[in-house]
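> Below you will find the structure I want to go over with you.
The values are calculated or read from the model by the stated rules, or taken from the named source; none is laboratory data. What you see is a predicted model; the values in this text were computed from it and never measured. Quick reminder, even Gly has a Cβ in these numbers, built from the backbone with ideal geometry, and neighbours come from all protein chains shown. Ligands, DNA and RNA are excluded from the accessible area calculation, which covers all protein heavy atoms including side chains. Shrake-Rupley method; radii C 1.70, N 1.55, O 1.52, S 1.80 Å.
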Amino acid sequence: MSEDYAQIITHTPQQAQEWKQLALSNPNRVARTLVLRPGRTTREGDNQGDIYPALEAVKAISLQGRRGAENQAWANLVLGGIADALCKNVIEMVVHLESLPNMPQDLLQNVKNNMRSPYYTPLEILCNASVNFQYPPTKTDKMVIAALRKNWSEMLDRIWNEPENTLRPEDSHTLERVVIAQMLLRIIITDPTFISVLYDPSDLTIQTIARDWKFSQREGDTMLTATTLCLMLEPEHPRQIAYVKSNGLESSTHKILSKILLGVASTRQSSKQMQVKTLLATFAEHLARFAGVSGRGAADDLNFLMSIIDVAKKNGTEPEVAKAVLKATPLWNAIFRLLKRSARPAAVNDEGNSGLQDVEEERTNRLRAIANIIVILANTLHDATFEHPRECEPLVRIWANENLFGAVEETIEILVTMPRMPMQLTRLFSIIDTTTATSSPALLRLLKTQFPRWKIIGTLVRHDVQQQQITGPPHTPPPGVMAPPESGFWNHGLWQCFGNLQLKCMDKTLCGKRGCDNLGTITCMCGVVKYCSDNCKTKDEKDHKLACGFMGLLDNIDDIGNAEAEVQPESPLALQASKGKKKKKKPQASSGSGAQAAARLEEVD
């Protein structure tokens, strides 16, 4: 009974049928009807009540298009002026809701909350047309783009200033939050000159999409808005790249970033610091939501975050972003939760998973998210050593408190098999090791609570052993030359970097069970680790057995020398360009130490 109350009736079935025929036989009449003002009629007697069935008919035709094939019915409508008429609808169309006198107020409010904005349907039709653009664009495509270009500013001005229900969480508004982003992607691929519109200081496109991203609730709207904004910051399509380069816009992407910050701002008067704070809080909220999903939305959001950080670093255009990221505890908490969750496949019915059924696709998305997180961590700490060295210790402290090492432990078996990840992990742990060596005693005390990590170190050594059994000992590059990202050299150096960090953060006189501060009295069969009781030894056995057979090798890291020197004559801190800064040379490993370590590895079963 309540569903009957909630029906929204805009026209009769007879009107719908009549306008389906008219859309095919008299396109000009349809276009004239769509732009009727209150109290006006066409020469055929059509009035504003005919706008709804006319839009429904036009929408049906717009959906008939297929890429690579001409939709003649749509082409006729465009020749009749439908593109301009739809743009005018976006700018001017309003909705009047009339309810029954006895309609329950809660139901009425629910209907209002779920109602889509009055400009959504004409936007949806224009989006359908843009999705079917061809390249090179047809005459019809060019006419639609011309109409959009002419009316775009007014359209976006209304959408930005009158968001209607697009900011509400109901699922009925998901499509409203993606329509501008989807349309824009197709337009700029078909006609890259449209990009110039986005750089106009008065244009509100980027702000609108950024706001839609901020209020997105599902994987679908988050994914498409984040991807669109990411491509505006770092173009990927050849035609988009060519236009940006030929028009000297490569150095102007910070203008896009400034608009993104305005789009997510709580108010128009928000300071830059508040804008950045809101931006990072939104990332934290999204990634925390995706921690239970591990789908494409998380990977795309992380791509977006990396693009923002990269653009903010260029020429120091948005220094507030880089500074705020270093202190964004909720963001790091969400990232580490996501990393930990990404070690396990997501159930296909997980909330927000959008019905993802393909297991391989789900796995690919999880691996993308994992890789993105490790790159973000390594790059963030690496850049901080140059730009904000005083923030390195506080950042490592935040990471330790928010369970970085626990998250890595969950995913280490996946990480060691992923391309380039041993190199990125070497960068990460070597800088943490260096930071620990020069930090206050307080950081070392904190890190002591995070170690030992037998699963991590055991997995790293075992992986290096297995790879060397296949490819032989790793080739050490000449001084000052970085090994290729896929080189087995990184597998070999990674466990030494992590092992050196673990040695710094362990007291060998204490129980080998992480978190136990009692003295060790029961020696493990490896002869290196001691436990305070059989209980602790039993609890630790599952993880320690992964490293137990390698303890003599690990204990010999001190004899080999500084782990970073063993990995490379210079610290992995300098794996990327030195940005013109002079690096301090690390102490050299003793002669033959690399070969000796490799030989010992080969002897381990």
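> Go through the range 124-137 and report how many residues are among the polar types (S, T, N, Q) and open to solvent by 30 Å² or more (accessible area, probe 1.4 Å).
At the first step, the residues of the range 124-137 found to be among the polar types (S, T, N, Q) are 128, 130, 132, 134.
Still in the running and open to solvent by 30 Å² or more (accessible area, probe 1.4 Å): 132, 134.
Here the count works out to 2.
> Show me the helices (runs of 4 or more DSSP H) found entirely inside the range 1-80 where at least 2 residues are closer than 22 Å to Met93 by Cα and modelled with pLDDT of 90 or more.
Where helices (runs of 4 or more DSSP H) fall fully within the range 1-80 and carry at least 2 residues being closer than 22 Å to Met93 by Cα and modelled with pLDDT of 90 or more, they are 13-25, 27-34, 51-62, 72-79.
> Here's another thing I want to ask about it. Is at least one residue of the range 399-410 out of contact with any Gly (no Cβ under 7 Å at 6 or more places or on another chain), farther than 22 Å from Asp543 by Cβ, among the aliphatic types (A, V, I, L, M) and part of a helix (DSSP H, G or I)?
No, there is no match, as no residue in the range 399-410 is out of contact with any Gly (no Cβ under 7 Å at 6 or more places or on another chain), farther than 22 Å from Asp543 by Cβ, among the aliphatic types (A, V, I, L, M) and part of a helix (DSSP H, G or I).
> Of all the residues that make up the range 411-439, how many are in a helix (DSSP H, G or I), aliphatic (A, V, I, L, M) and open to solvent by less than 20 Å² (accessible area, probe 1.4 Å)?
8
> Can you tell me which residues in the range 257-275 are buried (at least 21 other Cβ atoms within 10 Å of the Cβ) and either acidic (Asp, Glu) or part of a helix (DSSP H, G or I) (or both)?
Across the range 257-275, the qualifying residues are Leu257, Lys259, Ile260, Leu261, Gly263, Val264, Gln275.
> Still on this structure, please answer the following. When only residues in the range 514-550 that are under 12 Å from Arg453 (Cα atoms) and among the basic types (Lys, Arg) count, which is most open to solvent (accessible area, probe 1.4 Å)?
Only one residue fits best here, namely Lys542.
> Just to be sure I understand, how many residues within the range 489-509 are open to solvent by 10 Å² or more (accessible area, probe 1.4 Å) and under 29 Å from the mean Cα position of the chain (by Cα)?
Of the residues in the range 489-509, 1 are open to solvent by 10 Å² or more (accessible area, probe 1.4 Å) and under 29 Å from the mean Cα position of the chain (by Cα).
> Restricting to the range 298-317, name every residue that is in contact (Cβ under 8 Å) with a residue 60 or more places away in the chain and closer than 18 Å to Leu381 by Cα.
Applying the first criterion (in contact (Cβ under 8 Å) with a residue 60 or more places away in the chain) to the range 298-317 yields 298-311, 313-315, 317.
Across the range 298-317, the qualifying residues are Leu302, Asn303, Leu305, Met306, Ser307, Ile308, Ile309, Asp310, Val311, Lys313, Lys314.
> Next up: I need every pair where a residue in the range 11-28 that is open to solvent by less than 80 Å² (accessible area, probe 1.4 Å) has its Cβ under 9 Å from the Cβ of a residue that is among the polar types (S, T, N, Q), sequence separation at least 6 or different chains.
Taking only residues 6 or more apart or on different chains, the pairs are Trp19/Thr33; Leu22/Thr33; Ala23/Asn76; Pro27/Asn76.
> With respect to the numbered conditions (1) open to solvent by less than 10 Å² (accessible area, probe 1.4 Å); (2) within 22 Å of Thr317 (Cα to Cα); (3) small (Gly, Ala, Ser), which one is the sole condition not fulfilled by Ser216?
Status for Ser216: all satisfied but (2).
> Being acidic (Asp, Glu) and crowded, with 20+ Cβ neighbours inside 10 Å is the requirement here; does Asp141 meet it?
Numbers: acidic (Asp, Glu): yes; crowded, with 20+ Cβ neighbours inside 10 Å: yes.
In short, yes.
> Moving on. Any chance you could count how many residues in the range 440-464 are open to solvent by less than 30 Å² (accessible area, probe 1.4 Å) and either among the acidic types (Asp, Glu) or assigned to a loop (DSSP other than H, G, I, E, B) (or both)?
Here is the first cut: in the range 440-464, the residues open to solvent by less than 30 Å² (accessible area, probe 1.4 Å) are 443, 447, 450-454, 456-461, 463-464.
Those still in the list that are either among the acidic types (Asp, Glu) or assigned to a loop (DSSP other than H, G, I, E, B) (or both) too: 450-453, 464.
Number of matching residues: 5.
> With respect to Ser172, determine if the residue is without any contact (Cβ under 8 Å) to a residue 24 or more places away in the chain and open to solvent by 10 Å² or more (accessible area, probe 1.4 Å).
The answer is no for Ser172.
> Among all residue pairs at least 6 apart or on different chains, which show Cβ distances below 6 Å where the first residue, located in the range 324-344, is of a type in the set (Lys, Arg) and the second is open to solvent by less than 20 Å² (accessible area, probe 1.4 Å)?
Matching pairs, first to second residue: Arg337/Ala291; Lys340/Ala407; Arg341/Ala291; Arg341/Ser294.
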